[in-house]
Every structure is written in C-alpha cells, then in structure tokens.
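Undergrad: Structure incoming, see below.
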Amino acid sequence: MSNIYIKNGFRFVLLMVLQVFVLNNLSIWGFLIPYVYLLFILLLPFNTGKSWLLLLGFLSGLTVDFFGNTLGLHAAAATFMTFARPGILRFYFQNIEYTEREEPDFNKLGVFGFLKYTFTLVLIHHTALFFLEIFGFHDFLNILLQIVENTVYTTGIIIILVLFFTSRK
C-alpha cells in the first residue's frame with residue numbers, strides 16, 4: 001500500500017474527528033462554524049481522477065452529515081466543490097507542472113496561490129451549503145453576509161492548520 005493512501009486516510013479520519021466532535025459543537029456568535037473537513041478535499045493530489053474526487057468529496061460531506069444530522073447538505077455542497085476543483089486549478093494554475101502524487105500546498109502553489117485556491121473553493125462550498133440550507137433567496141443580503149464571513153473564517157482556520165502541519169521547503 002502506498003504512503004499517499006495512508007497519509008490521506010489518516011488526514012480524512014483526523015479532519016472528520018476534529019470537525020464532527022469539536023468544531024460542529026463550537027460556534028462563534030451562533031453562526032460561524034469552521035468547516036475544516038474541506039482541507040481533505042483541498043489537499044488531494046493533483047492527478048486524482050475525477051470519479052475518485054467526486055466520490056471522496058461526497059463521502060467527506062456525507063460523514064459530516066451523518067454525525068451532524070444535516071440531511072445531505074454537506075454531501076451536496078462538498079460534491080459541488082469537488083466538481084469545481086479541477087476547473088479552479090486549471091483557471092488559476094494552467095502552467096503549473098506537478099509530479100504524479102504531488103498535492104496542492106504552499107510549497108507548490110505559493111502562499112498567495114494556495115490562499116486564492118482555498119478561498120475560491122471554500123466560497124463555492126459555502127454558497128452551495130447556505131443556499132441549500134435556506135432553499136430560497138429570502139433575506140438574501142443576510143445570507144450573503146454569512147457566506148462571506150464563514151468563508152473568511154474557514155479559510156483562515158485552514159491556512160493556520162496548513163501552516164502548522166506542513167514543512168517548508
């Protein structure tokens with residue numbers, strides 16, 4: 001078994017435990033909840049097949065839904081974010097070269113590139129999640145404000161985690 005599978009399996013379990021048992025029960029001002037489980041999807045290797053990406057995105061969202069009793073909202077939003085991931089990578093980094101199992105991280109994308117990549121995909125996830133949760137456009141400006149606030153908060157926590165747990169080359 002390859003080291004990359006063990007590493008990603010360990011990352012999945014660790015992020016799900018952190019999300020489900022700690023962060024879902026910890027909200028700031030009643031609505032800011034960091035969804036760090038998205039880091040699992042963000043750090044999957046560049047060459048992960050589209051079918052595997054969608055399956056892993058769906059399973060990560062479904063795991064959060066199962067423990068959070070959110071009826072598939074995270075599964076749908078995480079799958080949508082995962083669907084957008086290859087296009088976002090191509091859009092921002094069309095000239096990037098990578099080895100077979102290389103991950104998008106600070107070392108490969110740079111700090112600003114990784115921040116831009118993370119912010120965009122978290123924004124896509126949160127937009128889908130909040131509009132699916134409300135299932136309408138009433139109180140649109142309030143929902144938009146919550147999306148932006150949660151996106152900034154989640155992106156900040158993800159950047160801190162990546163800085164804390166990755167080695168700089």
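Undergrad: Got a number for residues in region 32-72 being farther than 18 Å from Val162 by Cβ and touching a helix residue (DSSP H, G or I) at 6+ places or on another chain (Cβ under 6 Å)?
TA: Residues that pass the stated criteria total 13.
Undergrad: Moving on to the next point. Can you confirm whether Thr70 is within 29 Å of Gly110 (Cβ to Cβ) and β-branched (Val, Ile, Thr)?
TA: So Thr70 fails the test.
Undergrad: So which pairs qualify, if the first residue must be in region 146-163 and free of Cβ contacts under 8 Å to residues at least 60 places away in the same chain, the second must be of a type in the set (Ser, Thr, Tyr), the Cβ gap must be under 9 Å, and the two must be at least 6 apart or on different chains?
TA: Short answer, once both residue conditions are applied: Ile147/Thr127; Thr151/Thr127; Thr155/Thr118; Ile159/Thr118.
Undergrad: Considering region 81-102 alone, what residues qualify as being surrounded by 19 or more Cβ atoms within 10 Å (Cβ to Cβ) and not aliphatic (A, V, I, L, M)?
TA: Hits for region 81-102 are Thr82, Arg85.
Undergrad: Moving to a separate point now. Can you pull out the residues in region 106-126 that are modelled with pLDDT under 95 and surrounded by 18 or more Cβ atoms within 10 Å (Cβ to Cβ)?
TA: Passing the criteria: Phe106, Leu109, Phe114.
Undergrad: Still on this structure, please answer the following. Among the residues of region 21-47, what is the count of those that are β-branched (Val, Ile, Thr) and at pLDDT 90 or above?
TA: 2
Undergrad: Somewhere in region 55-62, is a residue within 14 Å of Glu133 (Cβ to Cβ) and not aromatic (Phe, Trp, Tyr)?
TA: Within region 55-62, one or more residues are within 14 Å of Glu133 (Cβ to Cβ) and not aromatic (Phe, Trp, Tyr).
Undergrad: From the list Ala78, Ala84, Ala128, which residue is in contact with a His (Cβ under 7 Å, 6 or more places away or on another chain) and in contact (Cβ under 8 Å) with a residue 40 or more places away in the chain?
TA: Ala78
Undergrad: Can you tell me how many residues in region 130-148 are in a helix (DSSP H, G or I) and either at pLDDT 95 or above or of a type in the set (A, V, I, L, M, F, W, C) (or both)?
TA: So the count comes out to 11.
The values are calculated or read from the model by the stated rules, or taken from the named source; none is laboratory data. Keep in mind that this is a model prediction, so the values were computed, not measured. With ideal geometry, Cβ positions are generated from the backbone for all residues, glycine too; neighbour counts draw on all protein chains shown.
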